[in-house]
């Protein structure tokens, strides 16, 4: 659906095209074949049909000229299709499935139910104005970011997507009811950057094209997108923002259902809260212990304040991350932690504009079916040039000496980058396609702690001195994506 994460990896093998199966009960002896058939049909008839941008990201470029249908009627068509496939899956007797497809069955069924919860109950399409403006920007970015095809080919499909973008903002004005104030603020914070992106970055990406007709068409469609975005931004500011009084909270029952569907987590919320607080207190104690080792005359708060000043200059931030790679790779290999399937290192770049308001760092790998471009991007959000020195300093505190290490481990080695390098070898289409944050982010956070436990960040292994090693441990208390101040 149009509201799926832009970082999701929609992967697909061969499709099976055929008539729909009925929702009648499927006997156990035919369950394996029926499930395989239905899974292929689902990706063809639902997943990529309603999320063609996800197809582009996966490396399936037959979807490149299509754009998501953002209309309320389009949402209802997707809801109907999801319910149809839910019924077909429920008709299969899971006891007749072998172990691997039985696991895939649960993953796929829960994913469908999670999508239905998002569309029918949570209803982000009525609440999140940024999903429209950033969504269409991501659709064009997915075509221009990698040279998977000649520039003329990519320009032509970009034109086809751009033709459909102005109508998206017509639908947004119809759909958005009562967004949470913070959602509209985020959309407004990003919209000027999106306009700039279409005015500068998109034309630059296709500057080498020599298809005269495509260039002429692009001049018109791109100008129309810029005008539509400017108009949308003005509408959000004068009309939508004053009436954005909605609640971003799901409520306990819906949140529990979302956890069960999307993450397959059925732990009661009060127990989850206890687990979270126990982990927080553990990290607070560890931070205080290491801070005392560094300087017993200072409080943990004083140590944190000093640590916040130990960061690279903003224009050196990308290089600071790149400088970590060789140490991490060498440590992984010397300690036999995991096989690295590729010698190609991620490319450091500034976070795309449609992600900057909510993301400090991220990994953007090619889809496992992308055969013509293997480059993966390590995105880092830099301070805006317009920020005051005080705001820039406060922002850069999140990139201190320790969080540079933990974030690099989290995003690249052996975190998300290696995780995605292994994706093409996953045993089924379902597992290549459908992910869960408990697995994706769980792996990256596990890697942060595991690398420290294995000795990374000690002198000779990612640190040059004993003091630096202690600083790394202090500021890498638990998350490369969370400010260390949360430990206090």
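Values in this text are rule-based calculations from the coordinates and carry no lab data. All values reported here derive from a predicted model rather than from experimental measurement. Heads up, the Cβs are rebuilt from the backbone with ideal geometry, glycines too, and the neighbour counts pull from every protein chain shown.
Using the number of other C-beta atoms within 10 angstrom as an exposure proxy, rank 322, 271, 335, 61 with the fewest first.
271, 335, 322, 61
Between the alpha-carbon centers of the stretch 183-247 and the stretch 144-180, tell me the distance in whole angstrom.
10
Compute the whole-percent fraction of alpha carbon pairs in the stretch 283-356 spaced more than 21 Å apart.
Roughly 57 percent, rounded to a whole number.
Hey, what angle do you get for helix 181-196 against the long axis of the chain, alpha-carbon based, 0 to 90 degrees rounded to 10?
Tilt relative to the chain: about 80 degrees.
For the chain, what is the percent of antiparallel DSSP beta bridges, rounded to the nearest 5?
Expressed as a percentage, antiparallel bridges in the chain total about 40.
Which of the following values of Rg and Dmax of the Cα atoms in Å was calculated from the structure shown: (1) 38.0, 149; (2) 23.7, 74; (3) 31.2, 102?
For Rg and Dmax of the Cα atoms in Å, the calculated option is (2).
Sort out for me the Cα centre separation of the stretch 33-105 from the stretch 320-380, rounded to whole Å.
Centre-to-centre (Cα) distance: 29 Å.
Taking a temperature of 25 °C and a viscosity of 0.890 mPa s, what whole-number D in µm²/s does Stokes-Einstein yield for the stretch 267-487 with Rh from Kirkwood over alpha carbon pairs? Can you show the working numbers first?
Values: Rh = 18.4 Å.
Reported coefficient: 133 µm²/s.
Is any residue of the stretch 37-56 close enough, with backbone N under 16 Å, to a label point placed 7 angstrom from the Cα of residue 91 along the Cα-Cβ axis, and if so, which?
37-42, by backbone N distance to the label point.
Using only Cα atoms, tell me the angle between helix 466-475 and the longest principal axis of the chain; keep it within 0 to 90° and round to the nearest 10.
40
Work the Kirkwood hydrodynamic radius out for the stretch 28-261: mean of 1/r over every pair of different alpha-carbon atoms, inverted, in Å.
By the Kirkwood definition, the hydrodynamic radius is 19.6 Å.
Find the Cα radius of gyration of the stretch 56-148, compare it with 2.2 N^0.38 Å by division, and give the number to two decimals.
Compared with the compact-globule rule of thumb, the stretch 56-148 sits at 1.34.
In nm, to one decimal, how far is the modelled label at residue 216 from the one at residue 266, with both set 7 Å along Cα→Cβ?
Between residue 216 and residue 266, the simple spin-label model gives 6.3 nm.
Round to the nearest 10 and give me the degree value, 0 to 90, for the angle of helix 401-411's Cα axis relative to the longest principal axis of the chain.
30
With an 8 Å cut-off on Cα pairs and a minimum separation of 6 or more residues, tell me the relative contact order of the chain in percent.
After rounding, I find 18 percent.
Could you give the nm distance between label points at residue 245 and residue 393, where each point is 7 Å from its Cα heading toward the beta carbon?
4.0
In nm, to one decimal, how far is the residue 100 label point from the residue 181 one, both placed 7 Å along Cα→Cβ?
Going from the residue 100 label point to the residue 181 one covers 5.3 nm.
Using mean Cβ contacts within 10 Å as the protection proxy, how do 125-138, 207-220 order, highest first?
Working: 125-138: 24.1, 207-220: 13.6.
Order by mean packing, descending: 125-138, 207-220.
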